[in-house]
Amino acid sequence: MMMMVHPSQAPRLIFLSIIICGASVAIAKPIFWYCQEDWGFYEAGSTYYSNLKQLVTSLASNASKSGGFYRDTVGVGSPDQINGLIMCYADATQTDCHDCLKTAANEVANLSICEYRKTAATHYNACFLHYSNQNFISITQNFQPVCLQKPDANTAGPDFLSTSSVQSLISSMTTDASNLEQKYASNKTNYSANQTMYGLVQCTRDLIADECAKCVESYVAFANGSKPNCSDQLGARIMGPNCYIRYELFSFNVATYTVPLPSPPPLSPPSVPPVPPPVPAGSPSSISIGTITAVAVSVTGGLLLISATLIFLWRRKQRRKNGTEKEDLSTIYLQQGNVETNVELILNPSAEYQVFDLDTLRKATYNFSDKNKLGQGGFGPVYKGTFPNGEEVAVKRLSGSSAQGLRELRNEVEFLAKLKHKNLVQLLGCCIQNKEHILCYEFLPNGSLDKILFAKDPLKQSKLSWKVRYKIIEGIGRGLHYLHEESRLKIIHRDLKASNILLDRDMSPKISDFGLARFFGEDQTHIDTSIIAGTFGYMAPEYVMHGNFSVKSDVYSFGVLLLETVTGQKNSSFAGSGRSSNLISYAWQHWKNNTVDELKDPMLDDVYLEEITNCVNIALLCVQEEPTMRPNMALVNRMLSGGAIPNVPLTWRVPATDYSMSEGSSFTTAAVQSSFSGPSTSGTRSSTRRSLD
């Protein structure tokens, strides 16, 4: 075996390849690997290394169960998020595939390959593994492919790869592979009067058809330009991070693609007739018991397989009929003018996440009719949709002109696909088709809290009795505590406000709009940013003035929202009113004067004054100027549930923020409505800064 070092087209890319000369290479040793230095290094014992070990374990384990392919992401947000992909080649045996998956994962986890690089790819005879801190899934890479030959098995011939028969074979296989679910295809063709050419083309399953075809085309072009090492050989394997080509003058095995079938309903074991007495040897009816048993088992097994197949096909047909067929999706490639944005959808295949057909959503929304339009978000309009089975949904249609919306879309999917709580809005799925990028949510018929709370219509306001308001307050508190402490991702929402609280049929609240949310590390106490994102009036002073935010920033927003719920007045409505600079100072005046009965919404009965007073007390604790003095959401929820409530400190003062700045200030932008159920009816628009840092 001869080893050679080959330069890569990528800058400072460590690249090692091995030309196979006869004997097969043991699975335990990679045949080549890439180590990308430009994309950073990690340290032993770091969170990134811990995530990497978790990732490769997940990849190997799940690929063994899903036909030799899997992709996953561990961690959310820079710098510790890591994406990974693993795949077995279709010409590998099942045993070699499983052994290779384990070997690849162990080599990476034990730092045997590309130690401490944040991006790497390692290739074996039977599989390859690729991981990166960059958005790479389903985007063809610039990594140079490698050509492996077996000169002893294939006699050299000039420009063999360029011959019409070979090109035609590869072209037909590429077309088939690009459009098949398994993303690989094999075929054969006559090369000469007494020779047959066998071939295989394979792409990673996350590539769409065009990307698969482009990958194969680029690998063939590479091989043609690498003379005399590849294109002159009568057979070769061309491989890289996204596709694989093989052609030989001898046949080779290609795996039969199978989709795991759902477990069929339990069937009663077939009754076995009594064994007949033995038939004398030589009799015309002399059939061995072993033969009878074998036939019975074969027939029974065949019937079970047919039953399972029919059940699977029927269920699949039903899901497609309702527009709820699940598909494997990892990344969307989006363009915005001259700006290209890679929006990665972090989809866990085990999660309840659906990919909808565009025609299904068009029919559900009457072709996105204005009559079905519920509102306008920062990234595009929101429509009500109804599926044939009667299920109602809210459909967010991403605007093609919204670059900011693309980033918010990514945030929505990254977080909501992984978060499950009764007080968070449920993301049902998405649609990426014909340049349309759409998110689908559960439909919440009572709309957003602000439309009822701040409505001038007494009929709408009558829905918000004190018991209903208290139920809403408690639900928001539970949802926020889940984000901060109980979910597997520690998340700061950063835009908690009345318009982002949606109400279901029972007036139970659900927190929505995660476009500005940020992942928070376990050991982090705060995050500093130079870009302020959120809505004036709800943002904590340390965030507005210094760009410093933490879970206590959400607590501040909750305090403002609590005061609005108690008073029925919007925080921004005080600007220029002559009463106070904002709702917080107005509430403080009434608290000092012991006139909470005058502070509360006049529609609320005095019989609840004690509970209302307690809520004002809690709200004032939440909006304290010093973040460390604010309670966390666990304590807030205990206080709302009847626990002891500390007195408002004597040193309490109105937070030093500049919320009185005019709506036309250069620091603000137009408001963004993110309701699922209709445009705002409020006459006052809140100033919102929608930027992702």
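The values are calculated or read from the model by the stated rules, or taken from the named source; none is laboratory data. Small disclaimer: the values here were computed from a predicted structure and weren't measured. We place every Cβ from the backbone using ideal geometry, glycine too, and count neighbours over all the protein chains shown. What goes into the accessible areas is simple: the full protein's heavy atoms, side chains included, and nothing from ligands, DNA or RNA. Shrake-Rupley method; radii C 1.70, N 1.55, O 1.52, S 1.80 Å.
Things worth noting here:
- Any chance residue 515 is in a loop (DSSP other than H, G, I, E, B), buried (at least 21 other Cβ atoms within 10 Å of the Cβ) and under 21 Å from the mean Cα position of the chain (by Cα): yes
- One residue stands out among those in region 610-630 that are assigned to a loop (DSSP other than H, G, I, E, B) and of a type outside the set (A, V, I, L, M, F, W, C): the one that is surrounded by the fewest Cβ atoms within 10 Å (Cβ to Cβ), which is 626.
- Summed over region 446-471, the residues that are surrounded by 22 or more Cβ atoms within 10 Å (Cβ to Cβ) and in contact with a strand residue (DSSP E or B) (Cβ under 6 Å, 6 or more places away or on another chain) give a count of 2.
- Region 167-197, residues that are crowded, with 20+ Cβ neighbours inside 10 Å and either modelled with pLDDT under 85 or within 40 Å of the chain's Cα centre (by Cα) (or both): 169, 170, 173, 174, 177, 178, 183, 184, 185, 186
- Complete set of residues in region 66-76 that are among the charged types (D, E, K, R) and either open to solvent by less than 20 Å² (accessible area, probe 1.4 Å) or under 16 Å from residue 92 (Cβ atoms) (or both): 71
- Within region 446-484, restricting attention to residues that are assigned to a helix (DSSP H, G or I) and hydroxyl-bearing (Ser, Thr, Tyr), the residue that is nearest to residue 611 (Cα to Cα) is 470.
- Residues that are among the aliphatic types (A, V, I, L, M) and not in a helix (DSSP H, G or I) were ranked within region 94-119; the one that is farthest from residue 256 (Cα to Cα) is 111.
- Test: residue 80 is over 17 Å from residue 121 (Cβ atoms), acidic (Asp, Glu) and either open to solvent by 20 Å² or more (accessible area, probe 1.4 Å) or in a loop (DSSP other than H, G, I, E, B) (or both): yes
- The lone criterion from (1) of a type in the set (D, E, K, R); (2) surrounded by 15 or more Cβ atoms within 10 Å (Cβ to Cβ); (3) modelled with pLDDT of 90 or more left unmet by residue 205 is number (3).
- Top-ranked residue in region 547-561 [being outside any helix (DSSP H, G or I) and on the phi < 0 side of the Ramachandran plot; ranked as most open to solvent (accessible area, probe 1.4 Å)]: 548
- Members of region 485-502 found to be part of a helix (DSSP H, G or I) and either out of contact with any Asp or Glu (no Cβ under 9 Å at 6 or more places or on another chain) or at pLDDT below 85 (or both), listed by number: 485, 486
- Unmet criterion (only one of (1) open to solvent by less than 40 Å² (accessible area, probe 1.4 Å); (2) under 30 Å from residue 61 (Cβ atoms); (3) modelled with pLDDT of 60 or more; (4) not in a loop (DSSP other than H, G, I, E, B)) for residue 410: (1)
- Region 573-587 - residue that is buried (at least 22 other Cβ atoms within 10 Å of the Cβ) and either assigned to a helix (DSSP H, G or I) or at pLDDT 95 or above (or both) and, of those, farthest from the chain's Cα centre (by Cα): 587
Residue-by-condition table, conditions (1) open to solvent by 40 Å² or more (accessible area, probe 1.4 Å); (2) modelled with pLDDT under 90; (3) assigned to a strand (DSSP E or B):
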| site | (1), (2), (3) |
| --- | --- |
| 537 | no, yes, no |
| 563 | no, no, no |
| 566 | no, no, no |
| 590 | no, no, no |
| 603 | yes, no, no |
| 608 | yes, no, no |
